[in-house]
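One structure is given below, encoded as structure tokens.
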Amino acid sequence: MNSYINSYEVACSAGDIKALMNSIYEKKTAVSINTSFIEDTPLGLGQMKYDDFYDLLAEVVQKVLDNSKLENFHNTLLILGSSVGGMQESEKIFFRDKNYKNLDPRRHSIHVLSDHLVDKFSFLDSRSLSTACTSSANALLLAKRLIDVEAYENILVVGADALCYTTVCGFHYLSVLSDKPCTPFDKERGGMNVAEAIAALLIQNTKDKDSVELKGVGASSDAYHMTNPDPEAKGAIASMKAALDDASLNIDEIDYVNAHGTATVANDKVESLAIETLFNDVYVSSTKAVTGHTLGAAGAIEAVISCEVIKKGLIPPQTGLIELDNKSINVPLNSVAMDVRNVISNSFAFGGNNTSIVIGVCS
Amino acid sequence: MRRVVVTGIGLNSPLGNSYEELYESLKAEKSGVIHLAEFEEIDDLGTKIGGVVGDLDFKKLIPRKFRRSMGRVAQLSAISTANAIVDASLEQDMLSSKRCGIAYGSTMGADETLFQWVSEVSEQNSYRGQNSMAFLKLMSHTVAANIAQMFEIKGRNIPTCSACTSSAMAIGAGYESVKYGMSDIMICGGSEGQHHLAAGVFDIMGACTTSHNHEPEVASRPFDESRDGLVVSEGSGAIVLEELEHALARGVKIYGEVIGYATSCDGSHITTPSKDGMQQVMQTSLDDAGIEPSDIDYINAHATATQKGDIAESHATYNLFGAKTPISSTKGHMGHLLGGCGVVESVICLIALNKSFLPKTMNFKTLDKKCANINVLANNEIKDSKIVMNNNFAFGGINTSLIFKKYKG
Amino acid sequence: MRKVALKIISSHKIYAPIKIEDLQEKRIVPNMMIRRRLTRNAKIMLYLSDKCGFKDGKVVYGSCYSEIQESVKITNAILEKSSISPTSFQNSVYNSAPSYFSLINKDKDEIITISSGLYSARDALKTAALQALVSGQRVLCVATECLNIQNIQEVNTCTKFLESGAAVVLELDNDSTNAIDIDDEGDEGVINSVQDLVKVVNMHQRGISTIFIEL
């Protein structure tokens, strides 16, 4: 059966999906400069305003339910992808007490987020994934396959990651963070911005008038290095090809690539090469210039952005771009109005994990 | 093309015994120059001050079997090296690989041992009373030899004893060794131990400061119109240079990248520096890095606060960089570390890159009219830097210029 | 189609009260630079996959706490204001173990890491079943847990075997006549997040060759 994306919502540094799309089309970054994570080190971070991450998580899911034709999620499978899970709270406790005595290990891992949602919404069942920056992209991959084989009728895919000292400091020591809002694909790009976000998409085997179709999913592994991508882009090319094959689409049927585009020296170089190799002049941009890199939530939030791009018929311009590094790819400085048939969204992670998702108008 | 990155740092200086301590001291504008009681013992020594490394328990930090062939200069180096090795997470098998080498220098071997040896042999007219280890301590390549033994180094060993350019030259030699494929790892550095022998050498040339013995903290005044000479200090440092892919495969942190190096001679006067020679080495280093003068965001000057040296350097710098490029000499804070200055000042350059922090020139208020109009920093500056330069110049008209770039993955 | 019949091609389990001895890492990972960086979970997974004779193909890995040891190292370093080793951060992601597997075996196929708390092994099996159904190929399903974390009493006393792991290689069976539901009790004292896989290993060891897994 076909998979249809029928309802979605996000919470991110730019706000909800309406505010986010406005920021994207107005080329307004929601990344702010922060000096409180690492002493004397200004960092560009994508921060949200909230009191309790779990409450925000439930709010986003509630909005998706409200916008859908479902009464409740009792006949819906939840698949959640996150890279830090409940770590933000574990860190707070540890930094406050300077020991782990008050740490509740049952509130540390990934499942903590999905357990909270299952409690609130009584999902049919739940599954949690954690593959770093491809977490929610892989959640979408599994969701599509489960609907393909008619195992479930309704699946809610959630991507969620809260800002943690571990990730900010960890990326800092990898020399990949920028002290400013990131500039994907730019010649002078100076690294990525860690960010937090929550995104949820309801995927069903029934079509609606507003539906967008989840047409194809593909994944691969570089098997090259624990963090750096294969400089020949073989893994990225393989995941995009696999997604296109799964969608039964030709290269020329893709109108836009929502790139992983973290603005690190390594990623953008390799991803540009992969896009240059596979496509002929397709529009490419990275919305991480607006949201920052939302890690485990990236796959989901960028899938939502891809849906909006199709519905609005408007290709997002590249925020922050001054001089394009690889001039063989087509990165627009201004929005382009056109019939957007299909979009491919990339997510690449530590461990050389690559996942690509194809979303398009209903066939 | 192989790229060379810095993956470990160790240092012992009058401003601290680690990268972070040095940074904190520079931020707090601390001075590392103090009054030295032992200099009072020599009446006609004009300078009575110097920079010293804080108390270190050599007995605890260095096993006796290694320590017995080391004078102070080698001991300081050994501690810096041990710290750099831990910082770079280098294990013994990697240290002892033929692909791992060292480059170290100092002006002299252990001054205290040399002084004692010569005094006693002369008094007693006999060598019998001398310790067999003495030569190992006072020989010019004592640092390189001792480091190699203590850390079981089997790769290249390049001693770079060239006075004030010793440790900069060591870094340059290490950079070339890794860049051109002879080594994957080069541990590079240099050192000097405090002793009146070093102060005496400069003192009789009239190069030392003598008017501020009662106020040591304001004695060293690079580029300032009221400067009256240099402060002789001790200190040591070691940095681990590594081939980039090698470092990435090991998953170690990277402090920065070495992208350019040049060394040259003036070929003119044996002590008086030549601005043309200085300018030439800076240009050659820029050529090696493939960049323009305008790409340099900060220069750490050699500027020791001597009359002639500072003037020549200012003109050489101005001719290439003009009046905008921020420049400072950190010898105002801690004096001249001699063999150790190149490496410690290179670490200050890495601090500038990573902490977006440009240190001021301590005790600098008014630029000497004879100096060219370069932008000497009188205050600390918080400024993003991508590429920085470290220059050092030595007796013999020897010049070095190193260029470091911020590393982004 | 909710239930899938799967052939068990190979299986293995291993666990110890504190630390599993002799994971044969020198033989399995001859490259010293990589071997030195491996986490305990990675070593156990490599050992299990070696015993199952699986080197190339889709992998589904499951763990509740995964690399919590590395996370602890990092938060300690942050508290003490000392630097964080990039290796430590790279190792702290939940999919660290299967990533090392992929790197060492040059396996370029899909890797999914499940972390559903104490249901990790169960969900890893469900996901492996899906992958096997969709691809028609053999899939490696592994779960590991390493909980001998110093200074975290709650974690290092929550189960009898602080290090445990189980793995099965599954393949779609188009003929489901002999398939049976998972009916084993597992091994007493093994943490639940690994136990569901231990049950399947035990069934295989009992001579059962085909099982049903609900997607």
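The values are calculated or read from the model by the stated rules, or taken from the named source; none is laboratory data. Model, not experiment: these values are computed from the prediction. FYI the Cβ positions are ideal-geometry reconstructions off the backbone, even for glycines, and counts take in every protein chain you see. SASA here: full protein model, heavy atoms, side chains in, ligands and nucleic acids out. Shrake-Rupley method; radii C 1.70, N 1.55, O 1.52, S 1.80 Å.
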* Given labels modelled 7 Å from the Cα in the Cβ direction, how far is it in nm from C:Gln24 to C:Phe212? -> 3.6
* To do: Take every Cα-Cα distance within the stretch B:26-168, group them into 10 Å bins from 0 onward, and report for each bin the whole-number percent of pairs it holds.
  => 10, 31, 36, 17, 5, 0
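Kindly provide the helix-only [θ] at 222 nm of chain A, computed as the sum of -39,500 (n - 2.57) over DSSP H runs of four or more divided by all residues, to the nearest 500 deg cm²/dmol?
On the way: 10 runs with 114 residues, N = 363.
Rounded to the nearest 500, it is -9500 deg cm²/dmol.
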* Structure fact -> In the stretch C:173-215, accessible area falls by at least 40 Å² from chain alone to full assembly (1.4 Å probe) for C:Leu215
* To do: Could you list the square roots of 5 times each eigenvalue of the Cα gyration tensor of the stretch C:3-214, that is, the equivalent ellipsoid semi-axes, sorted largest first and rounded to whole Å?
  => 29, 19, 15
* Asked: In nm, to one decimal, how far is the modelled label at A:Ser36 from the one at B:Glu120, with both set 7 Å along Cα→Cβ?
  -> 6.3
* **Share of Cα-Cα pairs in the stretch B:194-279 lying beyond 15 Å, as whole percent** => 75
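So what is the relative contact order for chain A, in percent, with contacts set as C-alpha pairs under 8 Å and at least six apart?
Numbers: 974 pairs, mean separation 89.8, N = 363.
Here the relative contact order equals 25 percent.
If each DSSP helix of 4+ residues adds -39,500 (n - 2.57) and the sum is divided by the residues in chain C, what number results at 222 nm, nearest 500 deg cm²/dmol?
Helices in chain C give a 222 nm mean residue ellipticity of -11000 deg cm²/dmol.
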* Asked: So which residues of the stretch C:45-77 lose at least 30 Å² of accessible area, probe 1.4 Å, when you go from the chain by itself to every protein chain present?
  -> C:Tyr65, C:Ile68, C:Ser71, C:Thr75
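I'd like the carbon and sulfur percentage of the solvent accessible area for chain C, probe radius 1.4 Å, heavy atoms only, ligands and nucleic acids excluded.
Values: 3710 of 8060 Å².
Exposed carbon and sulfur together represent 46 percent of the surface.
Based on the mean of other Cβ atoms within 10 Å per residue, sort peptides A:119-129, B:264-274 so the most packed one is first.
The most tightly packed comes first, giving A:119-129, B:264-274.
How about the stretch A:151-189: which chymotrypsin sites (Phe, Trp or Tyr not before Pro) there are in a DSSP loop, with at most 10 other Cβ atoms within 10 Å of their Cβ?
Working: sites: A:Tyr152, A:Tyr165, A:Phe171, A:Tyr173, A:Phe185; in loops: A:Tyr152, A:Tyr173, A:Phe185.
Qualifying residues, ordered by number: none.
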* Asked: Considering every residue in A:128-141, what mean count of other chain Cβ atoms within 10 Å of its Cβ is obtained?
  -> 5
* Sticking to Cα atoms, compute the Rg of the stretch A:3-360 to one decimal and its Dmax as the biggest Cα-Cα distance, whole number, in Å. => 18.8, 58
* Taking one equal scatterer on every alpha-carbon of the stretch C:60-169, how large is log10 of I(q)/I(0) by Debye at q = 0.11, 0.18 1/Å? -> -0.40, -0.94
* Asked: Based on the Cβ-Cβ distance of A:Glu26 and A:Asp51, what FRET efficiency does E = 1/(1 + (r/R0)^6) give at R0 = 30 Å, to the nearest 0.05?
  -> 0.60
* Asked: Could you give me the ³J(HN,Hα) list for the stretch C:202-215, computed from phi with Karplus coefficients 6.51, -1.76, 1.60 and θ = phi - 60°, whole Hz, x at Gly and Pro?
  -> 4, 4, 4, 5, 7, x, 7, 10, 9, 10, 9, 10, 7, 5
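Once the Cβ-Cβ distance between A:Asn67 and A:Arg106 is put in as r, and R0 is 41 Å, what FRET efficiency do you end up with, to the nearest 0.05? Kindly include the intermediate steps, with their values, before the conclusion.
Numbers: r = 32 Å, r/R0 = 0.78.
Taking R0 as 41 Å, the efficiency between A:Asn67 and A:Arg106 is 0.80.
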* **Chain pair A, C: total accessible area buried, heavy atoms, 1.4 Å probe, Å²** => 4600
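When each pair of different Cα atoms in the stretch A:1-128 is counted once in the 1/r mean, what is the Kirkwood radius in angstroms, to one decimal?
Details: mean 1/r = 0.0585 Å⁻¹.
Result for the stretch A:1-128 stands at 17.1 Å.
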* **Residue mean of other protein chain beta carbons inside 10 Å, B:250-262** => 3
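Provide the per residue accessible area, probe 1.4 Å, for chain B, rounded to a whole number of square angstrom.
Numbers: 14880 Å² over 409 residues.
Here the residues of chain B average 36 Å² of exposed surface.
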* Return the residues of the stretch A:107-122 for which accessible area with all protein chains present is lower than in the chain on its own by 10 Å² or more; set the probe to 1.4 Å and exclude ligands, DNA and RNA. => A:His108, A:Ser109, A:Ile110, A:His111
* Quick one: of the DSSP bridges fully inside the stretch C:3-214, what percent are antiparallel, nearest 5? -> 70
* Asked: So which of B:Lys324/B:Lys386; C:Lys13/C:Lys108; A:Lys28/A:Lys209; A:Lys180/A:Lys234; C:Lys19/C:Lys126 end up more than 23 Å apart, counting from Cα to Cα?
  -> C:Lys13/C:Lys108; A:Lys28/A:Lys209; A:Lys180/A:Lys234; C:Lys19/C:Lys126
* Structure fact -> Using the Cα gyration tensor of the stretch B:312-398, the equivalent ellipsoid's semi-axes, largest first and to the nearest Å, work out to 19, 17, 13
* Dimensionless Rg ratio for the protein assembly as shown, taking C-alpha atoms and the 2.2 N^0.38 Å reference -> 1.04
* To do: Filter the GluC sites (Glu not before Pro) in the stretch C:162-215 to those in DSSP coil with at most 14 other Cβ atoms within 10 Å of their Cβ, and list the result.
  => C:Glu185, C:Glu188
* Would you kindly state how much longer the chain becomes between B:Gln92 and B:Asn373 on full extension, computed as 0.36 nm times their sequence separation minus their alpha carbon distance, in nm to one decimal? => 96.2 nm
* Please report the Cα spread of the stretch A:253-363 along all three principal axes, rounded to whole Å, starting with the longest. => 34, 29, 26
* Asked: Which cross-chain or sequence-distant (5 or more) residues have an amide H under 5 Å from the amide H of C:Ile180, H modelled 1.01 Å from N in plane?
  -> C:Thr210, C:Ile211, C:Phe212
* At a Förster radius of 56 Å, what calculated FRET efficiency corresponds to the Cβ-Cβ distance of B:Leu61 and A:Val336, to the nearest 0.05? -> 0.30
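For the stretch B:145-209, which whole-number percentage of the solvent-accessible area (1.4 Å probe, protein heavy atoms only) is attributable to carbon and sulfur atoms? Can you show the working numbers first?
Working: 1100 of 1940 Å².
Of the solvent-accessible surface of the stretch B:145-209, carbon and sulfur hold 57 percent.
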* Within a 10 angstrom radius of each residue's Cβ in A:306-317, how many Cβ atoms of other chains show up on average? Whole number is fine. => 0
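Write down Rg/Rh for the stretch B:1-55, rounded to two decimals, with Rg from the C-alpha atoms and Rh from the Kirkwood relation over Cα pairs.
On the way: Rg = 16.5 Å, Rh = 13.6 Å.
Rounded to two decimals, Rg over Rh is 1.21.
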* To do: Express in Å², to the nearest 10, the accessible area of A:Glu39 obtained by rolling a 1.4 Å probe over the protein heavy atoms while all chains stay in place.
  => 110
* Assuming a ≥ b ≥ c are the square roots of the Cα gyration tensor eigenvalues, decide whether the stretch B:252-369 counts as rounded (a/c under 1.5), prolate (otherwise, with a/b larger than b/c) or oblate. => rounded
* **Solvent-accessible area per residue, Å², over the stretch A:3-360 with all protein chains present [probe radius 1.4 Å]** => 32
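Can you tell me, using C-alpha contacts under 8 Å and at least 6 residues apart, the relative contact order of chain B as a whole percent?
Working: 1111 pairs, mean separation 93.1, N = 409.
RCO, chain B: 23 percent.
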* To do: At most 14 other Cβ atoms within 10 Å plus a DSSP loop assignment makes a site exposed; report the longest stretch of chain C without any exposed trypsin sites (Lys or Arg not before Pro).
  => C:107-159
* To do: Please compute P(r) over all alpha-carbon pairs of the stretch B:4-250, binned at 10 Å starting from zero, and give each bin as a whole-number percent.
  => 8, 29, 33, 21, 8, 1
* To do: Go ahead and set up a Gaussian network model of chain B, Cα springs under 10 Å, then flag whichever of B:Ser132, B:Ser31, B:Ser13 fluctuates most.
  => B:Ser132
